[in-house]
Amino acid sequence: MGGYTLIENASLANRNTLRVDARATLLAEVREASRLPELLDFPVVRGSRLLVLGEGSNMLFTGDFHGTVLAMATRGVQVEQDGDTARIAVAAGERWDDFVRWTLGQGFAGLENLILIPGTVGAAPIQNIGAYGTEVAEFIESVEAWDTRERRVAILDRAACAFAYRDSVFKREPGRFIVTAVRFALPRSRELRLDYAGIREELDRMGVAKPAPFHVAEAVVHLRTRKLPDPAVIGNAGSFFKNPMVDAATGEALKREHPELVAWVGGDGRWKLSAAWLIETSGFKGMREGDAGISNRHALVLVNHGHANGAQLWDFAQRVIEGVRARFGVTLDPEPVVI
Ligand code: EPU
């Protein structure tokens, strides 16, 4: 016995950073991944919908969840091999930001641009978290998961994870894999990524001429703290919208019509448009309807000013999507998982 706790009709209010007061038919807090098969075999769980939850920092509940929520609370960090490149296995329930700080303390490089991202290690590969010019995919060697379809442990190497911008096989086959651990390969040193807007300026301000990874991390902490609202202070799930990708012809036409358009041209010639710019220019930044709104700090962030429920937040998000479509003909996709 042990290894997990079951709660019926459980409140999820403290388990999602948008602070939506939704309930789950059953909540299973999992502390030992090896107990998953037994847990999933319980008659009450077997036929039910499953939802895997980390810290709930990338999720919007538009209503109650009729099914079983698996809250992954497994812990453990293991250095399997050290050298120029360290191989580190981390349990899904570890907090991402704690892990990043631990790697920096150990003198491993690579994750410095990804400091201060809310959420768990197990959630990081799902949407391939990325910030300030780095995506986590680059440092993931493999992901260990329970494959609910094949009913066995699966080890997915980087290719099998099919990572892309805010996307992976885990997002494309929702419900199939329960991530239990992530194996990272981290170098002792690397060429630092300083080109993303703001980093060099911040390092200058800090008076750092020869940055080490922990300096870059500190610069990113400053940038994020200034720009993004803290979920501990106001309910939010980080970027609520993805930066939309359009083909070159559409990008060029938009640029002709709106010379101030903020966009990046990718290696494949497609344009990634700044959703924040599209939203701000459409007039939604800082707008509020009841307790649902768009942050006045960053236009990508949907916020809960108090007691908005999931449906109200989702309605407001739809309004933003409609407004941007009416003005620019571009359709925004939500970034979090919408339940
Ligand atoms: N901008 C605006 N208005 C705003 C904010 C930004 O017009 O309110 C424009 C500015 O021109 C700015 C540009 O958008 O220069 C880019 O802004 P930012 O550097 O904040 O990046 P982003 O593309 O808006 C992405 C990620 C963030 C990540 C930052 C930094 C997505 C969906 N979001 O935002 O990720 O922190 O880059 O790398 O790709 C998250 O996923 O939750 C998240 C916060």
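The values are calculated or read from the model by the stated rules, or taken from the named source; none is laboratory data. If you're wondering where the values come from, they're calculated on a predicted model, not measured in any experiment. Ideal geometry is used to build each Cβ from the backbone, glycine not excepted, and the neighbour counts take in all protein chains shown. With ligands, DNA and RNA removed, areas are computed over all heavy atoms of the protein, side chains included. Shrake-Rupley method; radii C 1.70, N 1.55, O 1.52, S 1.80 Å.
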### Query
Going by a ≥ b ≥ c, the root eigenvalues of the Cα gyration tensor, does region 1-129 fall in the rounded group (a/c under 1.5), the prolate group (a/b larger than b/c) or the oblate group?
oblate
### Query
If the viscosity is 0.890 mPa s and the temperature 25 °C, what translational diffusion coefficient in µm²/s does Stokes-Einstein give for the chain when Rh comes from Kirkwood over Cα pairs?
116 µm²/s
### Task
Run the accessible area of region 77-187 with a 1.4 Å probe and give the carbon-and-sulfur part as a rounded percent.
47 percent
### Task
Binning at 10 Å from 0, report for region 235-338 what percent of all alpha-carbon pair distances ends up in each bin.
16, 48, 26, 9, 1
### Task
Grab the other residues whose beta carbon is less than 9 angstrom from that of Phe184, score K and R as +1, D and E as -1, and report the net.
+1
### Message
Accessible area per residue for the chain in Å², computed with a 1.4 Å probe and the full protein assembly in place, what is it?
### Response
46 Å²
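I need the calculated FRET efficiency for the pair Ala164 and Tyr196, taking r as the beta carbon distance and R₀ as 22 Å, to the nearest 0.05. Mind showing how you got there, number by number?
Details: r = 19 Å, r/R0 = 0.85.
That gives a FRET efficiency of 0.70.
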### Query
Once you put a point 7 Å from the Cα of Lys227 and another 7 Å from the Cα of Arg46, both along the Cβ direction, what distance in nm separates them?
5.0 nm
### Task
Starting from 0 in steps of 10 Å, tell me what percent of the Cα-Cα pairs of region 118-172 lands in each bin.
24, 57, 16, 2
### Message
Along the Cα→Cβ direction, 7 angstrom out, place labels at Ala13 and Arg188. What is the inter-label distance in nm?
### Response
5.2 nm
### Task
Heads up, I need the accessible area for Met59: 1.4 angstrom probe, whole protein in place, Å², nearest 10.
20 Å²
## Note on the structure
Kirkwood calc, region 63-129, C-alpha pairs only, radius in angstrom 13.2 Å
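I need the trypsin sites (Lys or Arg not before Pro) found in region 80-179, filtered to DSSP loop residues with at most 14 other beta carbons within 10 Å of theirs.
On the way: sites: Arg87, Arg95, Arg101, Arg149, Arg151, Arg152, Arg158, Arg166, Lys171, Arg172, Arg176; in loops: Arg149, Arg151, Arg166, Arg176.
Hits after loop and neighbour filter: Arg149, Arg151.
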### Task
Under 10 Å from the Cβ of Gly130, count the other residues' Cβ atoms, weight Lys and Arg +1, Asp and Glu -1, and hand me the total.
-1
## Note on the structure
For region 204-295, Rg(Cα) over 2.2 N^0.38 Å is 1.39
### Summary
When the charge dipole of region 4-72 is computed with +1 on Lys and Arg Cβ and -1 on Asp and Glu Cβ about the Cα centre, the Cα farthest towards its positive end, among Ala28, Thr5, Asn58, belongs to Asn58
